[in-house]
Amino acid sequence: MTEFSGVRLPDFDTMASRHTEAAARLEALAQALHHELRGAGLDPSPAVRLRQLAGRATAQAEDLRRRQRLVHELQRRQVTFGRSTPAGSYLELPDGLEATQGLLDGTLAGRAALKAADGDTAALAELLSYASRTGDAAFATTFLGVLGAAGVTRLPGALAVRLRDAKARGDAALLGRLSGQGKKALLLLSTALATATDPGFLADLVKHGRAQHRVGGTTYSGYQAQALIWRAHDGRPPYSKEFMEVVGRDVIVHEYEQRQDAWAASDDALGHLFGGRRLPVADLAGALGLGTLLRPGTHLGAMTSSVVDDLFHAAKYSRETSQALLAHTPAGWQESVLDHLLTTRWDAARHWGDHTPFNELLVTATTGQDATSRKLAAELAKLLADEVRGAFATSGTGNLEIRDRDSFDRYTPLSLPLARALAANIDQLSRLYLNRATFEKVTPEDMSYALALATSNDAGFEALIRAQTEHMRAALDTVPPVGLTTANAEHLGFTQADVERFDLDGDGRITKDDVKEFLTDRIVEEARPFNHIVETRRQVLIAQGMDDKEADKELTTMVSDAIGLLPVPGATWASRLATGAFGELLGNGYEKLAGAAHDDLADHVARRMSARALDETHQTVRDNRQAVERLAEQMLATAMLNKGLLDNIDLEQKSFATGNPPSIKSFAEMSPQDYSRFLTWARESGGSSDLLDRFGSSFRTTSQVDDYLGLQIPSSGGNR
C-alpha cells in the first residue's frame, strides 16, 4: 500500500534549494581540504570521507529536485489537492518517487482515456503515449482509479462504435487509423487490468459488465465491451487468479443466464423443426460486424468471437488463472464450469468454430504436475469419453467402427488438448492399465474411449507416444547398475533398502542376472501403455477408413533421431556420466540443461544428436508397431550400456568402438551403420534379444484393448 506524506510547497522548495547549496559547499570543501592535506604531506583520508559525504548529499539533493519538479507538476495539473491545517496548507504526495510519478502519469492517462471515450481523438493519441507505463503497479492503480470500472467499460464501446461508423461511411483512411489506435488502446487497458485490480474494482467491473450501456444509439452489455479488452491481451503480465474468480466466473454464469431459455428452446421439437441453434453471446466487435479490426493480428482466429472465447484468451496465459476459471462449480449449479463448457455450452462454442482460445486454456490448465491439473485432466477425459462413447460400435469384421459420425466429429476439435492432458498424466494412464485402477473417476474403459478421440489427432498421437517414450526411459533408469552394493549405493543415487530389494540372490552385490530380471519387469510393464496407445490409434484409423499400415511420419522421425538415447532430466546416472557413449553431450551440456524445462532439454539434445539420421531403420518401418519396437530397442540397448550389462564383452574389430583398449564411441560420433551394428551386437552378445521378445509379446497382445472397446476380432493368442 502506498504511503502518503504532506508537504508545504514553499517550505519544500526552500529545503530542496538549501540541500542543493549545502551539497555544493561540501564538495568544494572536500576538494580544498584534499589539496591542503596533500600539500602538507598529510593523510588525505579526511578529505576522502568528506567527499563521500558530499556525494550522498548531492544524490539527496538530486532526488529532492526531482520530487520538487513532480510536486509542481502535480499542482499544475491539479492531480493532488491541498489540505488546510492550523500549521498551514499541505499537499499530499506518495513517499516513493516512482509512486509519485505513477500518480502523475496514471492520473493524466486516466483523464485522457475518459476524454477518448467521449470521442476526443487528440486525447486518444495522448493516452497511447502512456502505453509503456501500464506494467507499473503505481501507474496502473492510479489509471484505473481515475478511469473507473465505468470508464473501462465505456472506452472499448466508444472505439467499436466509431469504427462501425467509419466502416459504414467507407472511410478507409479513418478506418485504418482507428483500428490501429483501438488495438493499442485495448492492449493498454488489458495490461493495466492484469497489473493492478483490487477487490472493490473487480466488483465494479462485474456490476458494469452485467449492465446495459449506450453509445451513439447503440446498446450493448458491458461484458460485450470488456471482452474486447480481454482478447487484446498478450499475457504480460497474466491476469490474476482473483480477476478470474470474480469477473471471469461471473461472465460464464451471466452468459448462461442470458441464453438459458433460448438454448433450451433450441432443443425442443419445435426448435429442431426450425433448425434452432445454441448461439453464444458475441463480443461487441462481432455484434457490430467489425471482424478483426479490434483484435491483434497474432490472434485472428474466427472473424467473429464470443465474449466467453475472449475470456478464455485472457485466462490461458497462467496455470493458476486458467484453473481458477475451470475448477469451480458456481452457486446453484449441479455441474462444474468445465462440465458446463463441454456439455451444456459446447454447441454454442461450435457456432463460430473459434476453438483456439478454449483449447489453449485447456492445455494450460491440465498439463501441470499439480493436483488441480491432474483433477481437471481426469475430468476432461471422463467427460469426453462419455460424450464420444456412443459414436463407436463394432463393425462386421470385429474392428472399431464410427457408427455416428456427427457425434464423433462434434468433439474432434478437442482431440489435441485431450491428448496433451493425457500425455502430461502418462503415469496415471500407465497405472490405470497395469493395475486396472482408476484415475479420479476415469476407469480403464473410459480411458480407452478418451484415447480413441485423442489418438485420432496426428499431433495428439505423437504427444502420447513421446510421453510414453519418456515414461519408459525413466522406468528403465530405475533399474540398478551391475556392481551396486551397500558401500556404493549412496554415491550412485540408491539406498541400502534398494540394494536389498534388487539383490535377488542375496549375495550383497547386484549382478547381471539381477539387472536383467528387473529390466524384464520394467519393459513388460512399459509395453502395456504403448500397446493401448498404438492399437487404439490403429483402430481409429480403421474406423475412419484410413490406412492403418503406414507408420506415422513423426514416429518414424523419432526412430531416425534415435530419441531413445536422450537423457532423462533428473536421472540418477545422468549427472555423473562424463564419458562413454554419451561423451561430451552429457559431460559438457547436461549439467547446464538439467534445470531447464523438460521440452527445452529434449529439443536441445535432439538437435545435437540428430544433425543427421542416426538410425536408418525408419526408412523400412512399415507401421507404428514396428516403429515403437525400434524405439524400445534403442532405449533398451542404452539402458543395458548404462547399467553395465555390456561391460567386459569383446569390442575388438567393432566399427562402433574406438581406442586401445577399445571402448564404445559417443553416439554423436557413430554413423548410422555403426549404430545399427551396435544394436545388433547388443542383441547377439549382450542378450537383449530375449528382453525384446518379452517386450514384443506384451506389446502385440491386444486382447485388453479389444475388451475395453468392445471389439471382437479373431486372433491367435490375442496377437495381431
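The values are calculated or read from the model by the stated rules, or taken from the named source; none is laboratory data. Since this is a predicted model, take the numbers as computed values, not measurements. All Cβ positions, even for glycine, are placed from backbone atoms using ideal geometry, and neighbour counts span all protein chains on display. Ligands, DNA and RNA are excluded from the accessible area calculation, which covers all protein heavy atoms including side chains. Shrake-Rupley method; radii C 1.70, N 1.55, O 1.52, S 1.80 Å.
Would you pick out the residues in region 505-553 that are over 35 Å from the mean Cα position of the chain (by Cα) and closer than 19 Å to Asp690 by Cα?
Thr511, Lys512, Asp513, Asp514, Val515, Lys516, Glu517, Phe518, Thr520
Give the residues of region 655-665 that are crowded, with 18+ Cβ neighbours inside 10 Å and touching a residue at least 40 places away in the same chain (Cβ under 8 Å), sorted by residue number.
Result: Ile664, Lys665.
Would you check if there is a residue in region 278-285 being more than 30 Å from Ala371 (Cα to Cα), at pLDDT below 95, assigned to a loop (DSSP other than H, G, I, E, B) and not hydroxyl-bearing (Ser, Thr, Tyr)?
yes
Show me the helices (runs of 4 or more DSSP H) entirely contained within region 318-426 in which 1 or more residues are farther than 20 Å from Val307 by Cα and in contact (Cβ under 8 Å) with a residue 24 or more places away in the chain.
Those helices (runs of 4 or more DSSP H) span 319-326, 356-366, 371-388, 405-411, 415-424.
Are any residues in region 411-428 out of contact with any helix residue (DSSP H, G or I) (no Cβ under 6 Å at 6 or more places or on another chain) and farther than 12 Å from Ser373 by Cα, and if so, which ones?
Residues satisfying the conditions are Thr412, Pro413, Leu414, Asp427, Gln428.
On the given criteria, is Leu645 of a type outside the set (Ser, Thr, Tyr) and either out of contact with any Lys or Arg (no Cβ under 6 Å at 6 or more places or on another chain) or open to solvent by 50 Å² or more (accessible area, probe 1.4 Å) (or both)?
no
Inspect all residues belonging to region 536-543 and state whether any of them is within 30 Å of Phe408 (Cβ to Cβ) and free of Cβ contacts under 8 Å to residues at least 12 places away in the same chain.
Yes: region 536-543 contains one or more residues that are within 30 Å of Phe408 (Cβ to Cβ) and free of Cβ contacts under 8 Å to residues at least 12 places away in the same chain.
Do any residues in region 181-208 that are over 30 Å from Ala166 (Cβ atoms) and among the aliphatic types (A, V, I, L, M) have Cβ atoms under 8 Å from those of residues that are modelled with pLDDT under 95 and surrounded by fewer than 19 Cβ atoms within 10 Å (Cβ to Cβ), where the two are at least six apart or on different chains, and which pairs are they?
From residues that are over 30 Å from Ala166 (Cβ atoms) and among the aliphatic types (A, V, I, L, M), the pairs are Ala196/Ala137.
Take region 225-241 and flag every residue that is under 18 Å from Ala117 (Cα atoms) and in a loop (DSSP other than H, G, I, E, B).
Of everything in region 225-241, just one residue is under 18 Å from Ala117 (Cα atoms) and in a loop (DSSP other than H, G, I, E, B), namely Ala232.
Look at Thr153 and say whether it is of a type in the set (Ser, Thr, Tyr), modelled with pLDDT of 95 or more and either closer than 21 Å to Ala194 by Cα or open to solvent by 10 Å² or more (accessible area, probe 1.4 Å) (or both).
yes
Take region 620-661 and flag every residue that is of a type outside the set (S, T, N, Q), closer than 21 Å to Thr469 by Cβ and assigned to a loop (DSSP other than H, G, I, E, B).
Val621, Arg622, Asp623, Lys643, Leu645
Give the number of residues within region 392-435 that are open to solvent by 10 Å² or more (accessible area, probe 1.4 Å) and of a type in the set (Phe, Trp, Tyr).
The number of residues fulfilling the criteria is 1.
Would you please name the residue that is least open to solvent (accessible area, probe 1.4 Å), looking only at residues in region 676-700 that are hydroxyl-bearing (Ser, Thr, Tyr) and either in contact (Cβ under 8 Å) with a residue 60 or more places away in the chain or part of a helix (DSSP H, G or I) (or both)?
Residue satisfying both the conditions and the ranking: Ser688.
Among the residues of region 374-391 satisfying the criterion of being out of contact with any Asp or Glu (no Cβ under 8 Å at 6 or more places or on another chain) and of a type outside the set (Asp, Glu), which is surrounded by the most Cβ atoms within 10 Å (Cβ to Cβ)?
Applying the filter and picking the extreme gives Ala377.
Can you name every residue in region 286-303 that is modelled with pLDDT of 90 or more and at positive phi?
Within region 286-303, Gly289, Gly291 qualify.
Scan (1) assigned to a helix (DSSP H, G or I); (2) in contact with an Asp or Glu (Cβ under 7 Å, 6 or more places away or on another chain); (3) in contact (Cβ under 8 Å) with a residue 24 or more places away in the chain; (4) open to solvent by 10 Å² or more (accessible area, probe 1.4 Å) for the single condition Asp514 breaks and write down its number.
Going through (1) assigned to a helix (DSSP H, G or I); (2) in contact with an Asp or Glu (Cβ under 7 Å, 6 or more places away or on another chain); (3) in contact (Cβ under 8 Å) with a residue 24 or more places away in the chain; (4) open to solvent by 10 Å² or more (accessible area, probe 1.4 Å) one by one, Asp514 breaks only (4).
Which condition from (1) closer than 22 Å to Gly102 by Cβ; (2) among the β-branched types (Val, Ile, Thr); (3) open to solvent by 30 Å² or more (accessible area, probe 1.4 Å) is the one that Thr191 breaks?
(3)
Yes or no, residue by residue, for (1) open to solvent by 10 Å² or more (accessible area, probe 1.4 Å); (2) at pLDDT 95 or above:
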{"site": "Ala450", "(1), (2)": "no, yes"}
{"site": "Ala454", "(1), (2)": "no, yes"}
{"site": "Ala467", "(1), (2)": "yes, no"}
{"site": "Glu470", "(1), (2)": "yes, no"}
{"site": "Ala475", "(1), (2)": "yes, no"}
{"site": "Pro480", "(1), (2)": "no, no"}
{"site": "Glu490", "(1), (2)": "yes, no"}
{"site": "Asp498", "(1), (2)": "yes, no"}
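Report yes if some residue within region 425-438 is acidic (Asp, Glu) and modelled with pLDDT under 95; otherwise report no.
Yes: one or more hits.
When you go through Gly180, Gly119 one by one, which is the residue that is within 27 Å of Gly286 (Cβ to Cβ), outside any helix (DSSP H, G or I) and either open to solvent by 30 Å² or more (accessible area, probe 1.4 Å) or of a type in the set (Gly, Ala, Ser) (or both)?
When all the criteria are applied, what remains is Gly119.
Whether any residue in region 133-141 is within 21 Å of Ala232 (Cα to Cα), of a type in the set (Gly, Ala, Ser), at pLDDT below 95 and open to solvent by 30 Å² or more (accessible area, probe 1.4 Å) is what I want to check.
Checking region 133-141: at least one residue is within 21 Å of Ala232 (Cα to Cα), of a type in the set (Gly, Ala, Ser), at pLDDT below 95 and open to solvent by 30 Å² or more (accessible area, probe 1.4 Å).
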